[in-house]
Each structure stands twice: as structure tokens, then as C-alpha cells.
Amino acid sequence: MVGLPLIVNQNFEFNLLSIICGPFYVLFFELLLYPITLLMFIFPSLHELCFYIYDFFEITVIFLSNIKMFNVIVGDINIIIILIYYVLLFLLLSSFEVKRCRKYFSIIFLLFMIVVYNKNSFNQIVKIKFYNVGQGESILIFLPKDKYVLIDAYDNIDEFLKRDGVRKIDILLITHGHADHSNSFSLINETFKVNNIYSSLYDESLILKDNKIKRLRSDDKVFIEDAKIHILGPIHYYQNENNNSLVFKFIYKQISCLFTGDIEEEAEIDLVNKYGDYLSSDILKVPHHGSKSSSSKLFIKSVNPTYMVVSVGINNIYDLPNNNLILSFKNLYRTDLHGTITITYRKKIKIKYIFR
């Protein structure tokens, strides 16, 4: 219990079995492993026995830690919560000699733990988080009432989600099957409860050959709470796989964000011709990591964003972003320069970033 906040802030989760098994492992160390280790200096022949004991310990720890049903994701907890935890734990342990106080502090401690576990449920604002996952994309939309929309799943996105205390994903949108957008698709499905999975009708990648995936086309709509996800593209099938990416406009109250996958100029022009000024959005997720083959002048003019965000890796081999129009934009945010970028909206849009 004393070490719990340290474990959580290191792994963003803990295994319930550790509370049950902890005392047995302490005895295991004190009564067996530690004495044998000391004796090994006097009797080197015990080396092999010691090795087997260590091996047994490691195997059991790995086995128990892999029982996912006992893993509890808590997320990152700040210093104030940690200090309150230790004060309450001290009062709880100090009250063991007084029966009435013990009951009182036990209830307070339990209620505090429940509040910390459910801290995301108190969120009443919308947040769009562009994670710094390197040369790929993963974006999470936080909605009130503990609802989440994940857009693409690249590399170590599971660790970012755990840090933010995410335990389930209400909607997973895979814009297209290229590895830099979907290589953690299976991991996300194994680690989190995913209620709905969507991708493009025209995506032909092998990684997305999953019966659970619902295919979307232009003008389809997906609703979650007070938010609307309006699918705009792909309008039709393209030979260029990038242009078959899902393109959609996320609308929540007075904020809108256009997500574009890896579309290039051909698909952009088709979108402008079909939707015109409807493309206008407060935030634009820049297509194809800021490549010069995307973000045409006509498209950017139609979207007319206040802010633009590029998901791109530091010193990537593709020299992205390399689109001069994008690079000259005033309110341009890049994950390679700014780290993880969070856009929040209550009455107005706010942007903050932290390099991790």
C-alpha cells in the first residue's frame, strides 16, 4: 500500500494480485532467497540452486502480471493526490487501535480511492490530444461522461492511453491500414475494451481484415453523446492508397476539427468540389504528415482553419513536413517540435503541449 502510488506512476496501472501476493513474496525473499544468496558466498555449489529459485520467481511474476483481468488502469496521478493518499493512509494505520476511528477512516480512504479511480468521469470538457508517437499518428478525443474516440493506433499508443487513465474506447477509427496509422491495432484490441471499430469502405490493407470493423463511406454519420462524426471521404475508390483514407469532420457544440488521414491533392480537390465551404473547420489535422503532395492551396482555403496540427517524428527520414504552405502558417503545431498537443474547448479553444 505504501508503494502503490509509485507503482501506478511508473506503470499507470497495477495488478490486484500484487496486493494478495505481496506478503508471500516478502516471506519468499526473507526466508528463502536472501539466506541462500548469503550462503552462496560460503558454498559456491549453491549457485545453481539459487539460479533455479530466481528463475521460478521470475516465471511466477510474469505469469501473474499477464493475467489481464486483474490489471487496474489508474493513469497518471499528480503530487497533490499522492500527498492526500499518504496522509489518509497514515491516519488509517494510526486508527487501528481505536475501533470507531478505524471504521471512519476506512470509509474515507475507500471513498478517496473510488474518486481517484473514477477521476476521468468528472471531465466536462472536450479535449483533442495529438500524441507524440513519432513518425505516425494517434489522436484521442476525450468527451464528457468518460467517452473516448481514438483515431489511428501507432506504436506505443497503449502507454499514452494508460497514462491518461483510459480503460475502454467507445469508437476506434482507423483512417487507413498503413503501418504508421495502424500497427498497434491488434494491441489496442487486446489491451482495452473497444466498443466500435470503423474504417474506410475502400481500404484494402491486410491489417484491417477484421470482421468487427464497420466500413464507412462519404456522408455516413456516427454519433456519440453530443458529438457528431460526419464522414466526408473517400468519395470513391482511388488507385493511390493514401487517398482511400477516412476523412471526417468532428463537430461538438461550437468546435469543429477536420481529420484527413494521409489524403493527397487528388482527394482534396474532390472534397472541395463536393463539400465546398462545409469543409471549414476550427482545427485541421494536416494531411499526410505535412507532405508537399498534400495540403493544396485550394483545400487549405476551403478548410480555413484557425489552428493546424502535424503529426510527425523528429528528424524523420522523409524530411516531413516539407510543404511550404503549411510551414508558413502562423498557428501551426507539430508533434516533433511541441510534443503531445492538447486542444481543449469549454467556451473557447485553448492549446497546450508537453514534450513527451
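What number, rounded to the nearest 500 deg cm²/dmol, is the helix-based mean residue ellipticity at 222 nm of the chain, given -39500 (n - 2.57) per DSSP H run of at least four residues and division by all its residues?
Details: 13 runs with 128 residues, N = 356.
Value at 222 nm, helices only: -10500 deg cm²/dmol.
Based on the Cβ-Cβ distance from residue 254 to residue 70, what FRET efficiency comes out when R0 is 56 Å, to the nearest 0.05?
About 0.85, to the nearest 0.05.
Please list, by residue number, every one of the chymotrypsin sites (Phe, Trp or Tyr not before Pro) in the range 155-244 that is coil in DSSP and has at most 14 other beta-carbon atoms within 10 Å.
Values: sites: 160, 185, 192, 198, 202, 223, 237, 238; in loops: 192, 202, 237, 238.
Filter output for the range 155-244: 237.
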Got a sec? What order do 271, 6 fall in by accessible area at 1.4 Å, biggest, i.e. largest, first? 6, 271
What do you get when you divide the Cα radius of gyration of the range 152-286 by 2.2 N^0.38 Å, with N the number of residues? 1.03
Per residue, accessible area of the range 22-82 with a 1.4 Å probe, heavy atoms of protein chains only, in Å², comes to 74 Å²
Would you give the gap between the C-alpha center of the range 1-15 and the C-alpha center of the range 46-67, rounded to a whole Å? 22 Å
Give me the 1.4 Å probe accessible area per residue for the range 222-356, excluding ligands and nucleic acids, in Å². 46 Å²
Going through 274/348; 68/253; 228/285; 68/119; 129/214; 68/212 one by one, the pairs whose alpha carbons sit over 26 Å apart turn out to be 274/348; 68/253
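Could you tell me the calculated FRET efficiency between residue 221 and residue 7, based on Cβ-Cβ distance and R0 = 45 angstrom, to the nearest 0.05? Please list the in-between numbers first.
Working: r = 43 Å, r/R0 = 0.95.
Plugging the Cβ-Cβ distance into 1/(1 + (r/R0)^6) gives 0.60.
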Across the chain, where is the longest run that never hits GluC sites (Glu not before Pro) in a DSSP loop with at most 16 other C-beta atoms within 10 Å? 1-203
Portion, in percent, of the accessible area of the chain that falls on carbon or sulfur, probe 1.4 Å: 60 percent
Determine the distance separating the Cα centre of the range 228-279 from the Cα centre of the range 133-208; give it in Å without decimals. 19 Å
Applying the span-like rule to the chain (DSSP H, Cα extent along axis at least 18 Å, Kyte-Doolittle mean at least -0.5) gives 16-28, 47-65, 79-94, 99-117
With DNA, RNA and ligands ignored, accessible area of residue 34 (1.4 Å probe; Å², nearest 10): 140 Å²
Probe 1.4 Å - accessible area at residue 215, Å² to nearest ten: 80 Å²
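The values are calculated or read from the model by the stated rules, or taken from the named source; none is laboratory data. Computed from a prediction, not measured in an experiment: that's the story for all the values here. No Cβ is skipped: glycine too gets one built from the backbone with ideal geometry, and neighbour counts run over all protein chains shown. These area figures cover heavy atoms from the full protein model, side chains too; ligands, DNA and RNA do not enter into them. Shrake-Rupley method; radii C 1.70, N 1.55, O 1.52, S 1.80 Å.
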